[in-house]
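The values are calculated or read from the model by the stated rules, or taken from the named source; none is laboratory data. This structure is a prediction, so every number in the text was calculated from the model and none was measured. Virtual Cβ from ideal backbone geometry, glycine too; neighbours counted across all protein chains shown.
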Amino acid sequence: MATLHRIPIAALVRVLCIIYDSHDRIATADARRGIHRMSSLKQTVLAARSRRLPSAIYFEGDALARAAVVECARIPHCSFESSDPARLDEENIFVVADQQLFAEHIKRLRAPNVRVIALSDERFRDVRLDSTVYAYLPGSVSVTLLERMFDNAIDHMHLVQTRREANDKLALANSEIYELNHIGAALSAEHDTRELLELILTKCREITRADAGSVYLVEEEERGEARGPVCDQRTPRKYLRFKLAQNDTVAVPFGEVVLPIDETSIAGYVAEHGSVVMIEDAYELESWVPYSINKQFDMDSGYRTKSILAVAMMNPKNETVGVVQLINAKRNWRACLRTPEDIENEVLPFSTRQMEIVSSLASQAAVAYENSHLYENIHRLFEGFVKASIGAIEQRDPTASGHSFRVANLTVAMAEAVDRDQTHFRDVKFTRSEMKAIRYASLLHDFGKVGVREEVLVKARKLYPEQMEALRSRFDFARRTLQAESCERKLAHLLEKGSEEYLRELPRFDRELAARLDELDCFAEFIHASNQPSVVPEETFAMFHEIAGKRYRGWDGSVRPLVTAEEVRLLSIPQGSLDESERQEVESHVDRTYEFLKQIPWTREIRNIPELARGHHEKLNGQGYPGKLAAAEIPLPTRLMTIADIFDALAAADRPYKESVSVERALEILGQMAANGEIDPHAYELFVQAKVYERWKVDCFEY
Ligand SMILES: [Fe+2]
Ligand SMILES: [Fe+2]
């Protein structure tokens, strides 16, 4: 019975030293990189002890080979027949002289972990044998030469092994780089912070086959949150917010909580030091570590947290923006960890390589997160600017307050209904960018009113209030003048004819005065009625002509027109409160909106916002303004906006020049407009059927 030759003690000590030394070097490098590793050196040492040098094996029947090998005292050796079959799968060196025995066992000897040293003065003729031989040595080989060839064969095996491992590592590194690039591209394409965090955690878990994980973000306390003196200038305190958790085995009851950035928790420790923590078993922490594990979740859910990898998300300024914590690396990505046996069989410690990859991914994630945060801030900034601008415009016309927001609510709701529709609009699908364009275009559709004079914008009657006031004063003056003139005539009559005659004629004087005052009142009443924005009846134009000829005497005796030509012109406006130039000025808000919106550097996806907004007063029959566009030239989002705009103008609260109508009446009027070919009948139908109008005062989603 042959015995296995063990590695000499000195060699074992040297191997152990190398292992300890490499462990020390890893530990030093880890310390330099801020890696806090909780791994077991014991296992590494045990693994090292089980290593052995390859044996020299010979066949019992091969006397020449046997004699040569046995003579080499330095080489561990045994016969093929006596060797442990399990050992034959390891690295071995066969020394063969007998070609027949060689041929019998050729299959075993052609293994990649076997080298064959042939003792023969010439090459074997059998090509299969010859090609299997690593080296030929003469049958009378010396011990020294055989031992040297044995060493060379070992080196050769290790060289091939090392090359294979290097190739494997290279292939793995290539695939990891590809995967990291792929993930990096996905991360930078995601601007929604919530989606981004989900993506970061999912990818970190995929790449490490982690069963669970969570993401924490560093947040600063808001101004005013800090206690203490009002003038406290200290740096705002930071803390960690638990933002996201994933677990393949159990459902995680999630709630956002905050943790201090300190050494009491693993995430807090990692955030404070900008480091990495790797733990093989969370329930067997070394006594010297400052942090502890909160086992409450495990106790509540029956889960078992074992291996942990926690990595800081560092931005390019070397600031920690968050922490990714991964739990329970698995052998098999699909495995569920329901029982203690599952944990025992499936859970592995996280490897150094995994830690490096997750660190790299976490850095990319930190940049992507900061970008998404920046993107959100820009979005919020722009959103705030848009809302403030709309507020400023609507302040100029308080009766239109909220109009732009309600039009946006309705237009977006209609676009969503179009998206869902399976009938006329079944082929129409709006992307998120298109929805964003629709929302901004409808929010800002009347922005151009900023360029319309305020008195025109809010003009409720045909005459401006100050014109009406002047007219009223003039009529008062004319009345007073008539009274004064009547008094003068009475006095002159009294002086000339005496009191008796005067008293007799007095009623006549009074009747004349009353008639003239009645006439003035009649004119004043007519003017008041004509000043309304309603349609002027045809027959009243004669009255305007009569009023235009009326005169009164001024304080200096000059004769002046009672109603100026300009006042008559305005009062003669056939419909509404605006004359032609004023109407054009109001209508110019559309072009002003377009010019204003064109100056904003919209991103490529939403650059059609100015065009969408410009068409909101166009009509499908070509009777709209400003372009009198034909139906085919009016995009669908604009048609939706037109319906929303008209509905709100009809049904919103009373305006000075127009009373509001009920929702039902507004729908009737819109129905009439659809029948007349002014607005899109299919969009109108959807507006009614999907009850879009009910979303009138419900804030739309902020695409
Ligand atoms: Fe408008
Ligand atoms: Fe409008």
Q | Only one of Arg614, Arg604, Arg583, Arg592 that is more than 17 Å from Pro635 (Cα to Cα) and touching a residue at least 24 places away in the same chain (Cβ under 8 Å) | A | Arg592
Q. Does the range 539-550 contain at least one residue that is exposed (fewer than 14 other Cβ atoms within 10 Å of the Cβ), touching a residue at least 40 places away in the same chain (Cβ under 8 Å) and away from ligand 2 (no atom under 16 Å from the Cβ)?
A. no
(Q) Which count do you get for residues in the range 136-150 that are loosely packed, with under 13 Cβ neighbours inside 10 Å and closer than 17 Å to Pro112 by Cα? (A) 0
Q) Does any residue in the range 448-463 that is within 22 Å of Glu595 (Cα to Cα) come within less than 6 Å, Cβ to Cβ, of a residue that is among the polar types (S, T, N, Q) six or more places away or on a different chain, and which pairs are these? A) Gly448/Thr593
Q. From the residues in the range 625-651 that are in contact (Cβ under 8 Å) with a residue 60 or more places away in the chain and of a type in the set (Gly, Ala, Ser), which one is farthest from ligand 1 (Cβ to nearest atom)?
A. Ala644
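Give the residue, chosen from Ser572, Ser530, Ser588, that is farther than 15 Å from Asp476 by Cα, within 16 Å of ligand 1 (Cβ to nearest atom) and among the small types (Gly, Ala, Ser).
Numbers: Ser572 fails: within 16 Å of ligand 1 (Cβ to nearest atom); Ser530 fails: within 16 Å of ligand 1 (Cβ to nearest atom).
Only one candidate passes the filter, namely Ser588.
For the range 507-551, give me each residue that is over 29 Å from Lys490 (Cα atoms) and acidic (Asp, Glu). Steps first, answer last, please.
The first filter runs over the range 507-551 and keeps only residues over 29 Å from Lys490 (Cα atoms), leaving 526-545, 548.
Within the range 507-551, Glu538, Glu539 qualify.
Output the number of residues of the range 591-601 satisfying the condition of being among the basic types (Lys, Arg) and within 13 Å of ligand 1 (Cβ to nearest atom). Don't jump to the end; show me each part of the working.
From the range 591-601, those among the basic types (Lys, Arg) are 592, 598; that's our starting set.
Subset that is within 13 Å of ligand 1 (Cβ to nearest atom): 592.
Matching residues across the range 591-601 total 1.
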Q.
Condition (residue is buried (at least 20 other Cβ atoms within 10 Å of the Cβ), within 15 Å of ligand 2 (Cβ to nearest atom), within 26 Å of Pro635 (Cα to Cα) and under 19 Å from the mean Cα position of the chain (by Cα)) applied to the range 391-402: is it met by at least one residue?
A. no
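To keep it simple, each residue is scored yes or no on (1) among the hydrophobic types (A, V, I, L, M, F, W, C); (2) closer than 22 Å to Val358 by Cβ.
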{"site": "Val258", "(1), (2)": "yes, no"}
{"site": "Glu280", "(1), (2)": "no, yes"}
{"site": "Ser292", "(1), (2)": "no, no"}
{"site": "Asp298", "(1), (2)": "no, no"}
Q. Taking the range 586-601 as the region of interest, how many residues are surrounded by fewer than 20 Cβ atoms within 10 Å (Cβ to Cβ), β-branched (Val, Ile, Thr) and more than 30 Å from Ile527 (Cα to Cα)?
A. 1
**Q.** Residue count for the range 312-352, restricted to those that are touching a residue at least 40 places away in the same chain (Cβ under 8 Å), among the charged types (D, E, K, R) and within 16 Å of Lys203 (Cα to Cα)
**A.** 1
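Quick one: which residue in Ser175, Ser131, Ser140 is more than 30 Å from Glu356 (Cβ to Cβ), part of a helix (DSSP H, G or I) and without any contact (Cβ under 8 Å) to a residue 40 or more places away in the chain? Explain how you work it out, then say what you get.
Working: Ser175 fails: more than 30 Å from Glu356 (Cβ to Cβ); Ser140 fails: part of a helix (DSSP H, G or I).
None of the other options fit; the residue is Ser131.
Look at the range 406-430 and say how many of its residues are β-branched (Val, Ile, Thr), more than 16 Å from ligand 1 (Cβ to nearest atom) and touching a residue at least 60 places away in the same chain (Cβ under 8 Å). Quick ask: steps written out before the conclusion?
The initial filter retains those residues of the range 406-430 that are β-branched (Val, Ile, Thr), namely 407, 411-412, 418, 423, 428.
Pick out the ones that are also more than 16 Å from ligand 1 (Cβ to nearest atom) and you get 412, 418, 423, 428.
Then drop every residue that is not touching a residue at least 60 places away in the same chain (Cβ under 8 Å), which leaves 412, 418, 428.
Count: 3.
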(Q) Name the single residue that is surrounded by the fewest Cβ atoms within 10 Å (Cβ to Cβ) among those in the range 553-585 being more than 30 Å from Thr481 (Cβ to Cβ) and hydroxyl-bearing (Ser, Thr, Tyr). (A) Ser581
Q: Tell me, please, whether a residue that is in contact (Cβ under 8 Å) with a residue 24 or more places away in the chain, within 16 Å of ligand 1 (Cβ to nearest atom) and assigned by TED's automatic domain parsing to the domain that holds Leu410 can be found in the range 657-664.
A: yes
Q) What number of residues in the range 654-703 are exposed (fewer than 14 other Cβ atoms within 10 Å of the Cβ), in a loop (DSSP other than H, G, I, E, B) and within 37 Å of the chain's Cα centre (by Cα)? A) 6
Q) When residues of the range 602-624 are filtered for being assigned to a loop (DSSP other than H, G, I, E, B), within 16 Å of ligand 1 (Cβ to nearest atom) and crowded, with 16+ Cβ neighbours inside 10 Å, how many remain? A) 6
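For the range 372-390, how many residues are buried (at least 19 other Cβ atoms within 10 Å of the Cβ) and modelled with pLDDT of 90 or more? Spell out how you get there, then give the answer.
Going through the range 372-390, the residues buried (at least 19 other Cβ atoms within 10 Å of the Cβ) turn out to be 372, 390.
Now restrict to residues that are modelled with pLDDT of 90 or more: 390.
Qualifying residue count, the range 372-390: 1.
Could you list all residues from the range 444-466 that are part of a loop (DSSP other than H, G, I, E, B) and more than 12 Å from ligand 2 (Cβ to nearest atom)? Talk me through it step by step, then tell me what you get.
Filtering the range 444-466 down to residues part of a loop (DSSP other than H, G, I, E, B) leaves 444-446, 452-453, 458-464.
Listed by number, the residues that qualify are Val452, Arg453, Val458, Lys459, Ala460, Arg461, Lys462, Leu463, Tyr464.
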Q. Within the range 385-405, is there a residue that is away from ligand 1 (no atom under 16 Å from the Cβ) and β-branched (Val, Ile, Thr)?
A. yes
